[in-house]
Amino acid sequence: MSKKIITSAVLALAVAGAVIPATSVVASAKELKTVKVGINSPSKTDQAVWNIVKKNGEKRGIKIKLITFTDFNQPNAALKQGNIDANAFQHYAFLSDWNKAHKADLQPVGETVLGPGRLYSDKYKSVKDIPDGGTIAVANDPTNEARALFLLQAAGLIKIKAGVTSPTVRDIVSSSKNLHVKELAADQTLASLNSVDAAVISATFVEAAGRNPNSAIYVWNANNKQSYQWVNIIAARHDDAKKWYIKALVKSYQTKEVGQYINDHNNGTEIAAWKGAPKATVVTADTASDASSASSN
């Protein structure tokens, strides 16, 4: 065989070798498993978090496609019907109630964030300043009311009947200041600050009104047994809960990078909550009161 023929053969093999990796990359991209994830209308911070999760997902073989919903019932209905593969918008308590009401068996597959509860007032800068016989507003829907009452108990303002996991105002057995707890629609709690002494208000309404969450006079410590049921989760259908692409979705979310971004960009309204997540500095009652005083000076 001549040198010319040998050289040509070597070049042909070299070219073929160069083409194979490129073809392999294209094939790999096409083989990404699309995972449709239902979420509620995301904030800019939520969107940024999911952009990180999407990049993480591609490294794990999945292409995450977000499907946006506008209320709290649609994402679970869509998941149950098979229109999406998972959703990420609710906490344990909401999912449990929804499953019971709709005879469903959607499963929590991974934890995401927790929003520490906050008590606000336009009249007082500290819990101790709330007067005897004062009125405190709480949301009247079951999960938010229970959460608000546990917050008030943690603040030393009321005592709830022992053993009750989803309390209502009827389960208040005593109040250190003889307080009146007023039930309102959740979207009315912020407006009620004009007429009540304090109110437990969802971060959703606080942020929408442009109010600084650190103006709260009390922040419920997130590290307790009662608050666990309000940890937000990723949910999937029972039969899909252990499938590789659902596990890949959870792992793509539960990374140090995602957790740190959540803790650094939510002003304390949400913190990374899964086991092993980066620790957040949760504003306490004293520092919240200090922040409120500083902002008013």
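The values are calculated or read from the model by the stated rules, or taken from the named source; none is laboratory data. Values in this document were obtained by computation on a predicted structure and should not be read as measured data. Backbone-built Cβ (ideal geometry, glycine too); neighbour counts: all protein chains shown. The protein model used for the area step is the full one, side chains on, heavy atoms only, and it has no ligands, DNA or RNA in it. Shrake-Rupley method; radii C 1.70, N 1.55, O 1.52, S 1.80 Å.
Brief remarks follow.
- Hits in the range 47-65 (condition: open to solvent by less than 50 Å² (accessible area, probe 1.4 Å) and either free of Cβ contacts under 8 Å to residues at least 40 places away in the same chain or of a type in the set (A, V, I, L, M) (or both)): Ala48, Val49, Trp50, Ile52, Val53, Ile62, Ile64
- Residue, least open to solvent (accessible area, probe 1.4 Å), within the range 171-218, restricted to residues that are of a type in the set (Ser, Thr, Tyr) and either under 18 Å from Ile158 (Cα atoms) or outside any helix (DSSP H, G or I) (or both): Thr189
- Some residue of the range 245-266 being assigned to a loop (DSSP other than H, G, I, E, B), open to solvent by less than 20 Å² (accessible area, probe 1.4 Å), closer than 30 Å to Asp122 by Cα and at pLDDT below 95: yes
- Flag for Ala241 being buried (at least 16 other Cβ atoms within 10 Å of the Cβ) and either at pLDDT 95 or above or acidic (Asp, Glu) (or both): yes
- For the range 135-170, the set of residues classified as of a type in the set (Gly, Ala, Ser) and crowded, with 19+ Cβ neighbours inside 10 Å consists of Ala137, Ala139, Ala146, Ala148, Ala154, Ala155, listed by residue number.
- Among residues of the range 68-106, those that are among the polar types (S, T, N, Q), crowded, with 19+ Cβ neighbours inside 10 Å and at pLDDT 95 or above, counted: 2
- Sub-6 Å Cβ pairs linking a first residue in the range 186-198 that is among the acidic types (Asp, Glu) and at pLDDT 95 or above to a second residue that is surrounded by 14 or more Cβ atoms within 10 Å (Cβ to Cβ) and outside any loop (DSSP other than H, G, I, E, B), at least 6 apart or interchain, are Asp197/Thr135, ordered by first then second residue.
- Listed conditions (1) touching a Lys or Arg at 6+ places or on another chain (Cβ under 9 Å); (2) touching a residue at least 60 places away in the same chain (Cβ under 8 Å); (3) buried (at least 20 other Cβ atoms within 10 Å of the Cβ); (4) under 30 Å from Ala280 (Cα atoms) are all met by Gln229, apart from (3).
- With respect to the stated conditions, Leu114 fails to be in contact (Cβ under 8 Å) with a residue 40 or more places away in the chain and over 26 Å from Ala277 (Cβ atoms).
- Condition check for Ala208: in contact with a Leu (Cβ under 8 Å, 6 or more places away or on another chain), closer than 22 Å to Glu145 by Cβ and either among the small types (Gly, Ala, Ser) or at pLDDT 95 or above (or both): no
- Given (1) in contact (Cβ under 8 Å) with a residue 12 or more places away in the chain; (2) assigned to a helix (DSSP H, G or I); (3) of a type outside the set (Phe, Trp, Tyr), index of the condition Thr68 fails: (2)
- For Asp122, the requirement of being within 19 Å of the chain's Cα centre (by Cα) and surrounded by fewer than 20 Cβ atoms within 10 Å (Cβ to Cβ) is not met.
- Considering only residues in the range 152-167 that are at pLDDT below 95 and either in contact with a Leu (Cβ under 8 Å, 6 or more places away or on another chain) or assigned to a strand (DSSP E or B) (or both), the one that is farthest from Lys125 (Cα to Cα) turns out to be Pro167.
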